[in-house]
């Protein structure tokens, strides 16, 4: 298996623009997680899905953030409108058995100017 | 709320042992985990320990758990330059939620 795939790897955008991050989990994994990593706040869980259903979105910072999982092999994280404080590395991870053994993608480095 | 604390930096010489420490707050955690992050990459699960165990050994890695003090440690024997990375401690607080520490950056000097 190719592992968790994320695209794009790098994104530079201007404040106010819409940003869409994409993730393809490992085939057969029932859980999908979106994280944000910054120097100041470390690794934060934004939202996770189980069987394509959002279970806990309490980590989503505000209404500008939304996440979808239309099928078992694809998820998106959208930021609209983007702000400079959204600059971070965004990771997607998937798991077969829940929170513990997660497999992380390489991340998307987002820079909002 | 739940919290996981780690020291931010550790520097060792190649060939020495490294010990990375972590404290956590949720006594009901079933499993505790160590993840490794190399530069420019995502996190990778290194090892984990079930909460009813005191110790787990896996090749050069030894995990010690003191449940009374809520203290977890990761010992890396014969540390190599390839072990340079950020190491994250994490506790599971629910089926879908891991709480990660801020990570300990391990630097290995030749």
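The values are calculated or read from the model by the stated rules, or taken from the named source; none is laboratory data. What you are looking at is a predicted structure, and each value in this text was computed from that prediction instead of being measured. Note: ideal-geometry Cβ built from the backbone for every residue, glycine included; neighbour counts use all protein chains shown.
The set of residues in the stretch B:1-49 being facing chain A (nearest Cβ under 10 Å) and either part of a strand (DSSP E or B) or on the phi > 0 side of the Ramachandran plot (or both) consists of B:4, B:6, B:31, B:32, B:33, B:35, B:37, B:40, B:43, B:44, B:45, B:48.
Taking the stretch A:72-104 as the range and being in a loop (DSSP other than H, G, I, E, B) and either farther than 19 Å from residue A:59 by Cα or modelled with pLDDT under 95 (or both) as the test, the residues that pass are A:72, A:73, A:96, A:97, A:98, A:99, A:100, A:101, A:102. Just to verify a result, which residue in the stretch B:52-70, among those that are surrounded by 14 or more Cβ atoms within 10 Å (Cβ to Cβ) and not in a loop (DSSP other than H, G, I, E, B), is nearest to the chain's Cα centre (by Cα)? Filtering first and then ranking leaves B:63. Residue A:110 satisfies every condition listed in (1) away from chain B (no Cβ under 14 Å); (2) assigned to a strand (DSSP E or B); (3) surrounded by fewer than 20 Cβ atoms within 10 Å (Cβ to Cβ) except (3). Residue check, residue A:41 against (1) crowded, with 18+ Cβ neighbours inside 10 Å; (2) without any contact (Cβ under 8 Å) to a residue 40 or more places away in the chain, all met but one. Which one? Among (1) crowded, with 18+ Cβ neighbours inside 10 Å; (2) without any contact (Cβ under 8 Å) to a residue 40 or more places away in the chain, residue A:41 violates only (1). In the stretch B:76-104, of all residues being in contact (Cβ under 8 Å) with a residue 40 or more places away in the chain and surrounded by fewer than 17 Cβ atoms within 10 Å (Cβ to Cβ), the one that is nearest to residue B:29 (Cα to Cα) corresponds to B:77.
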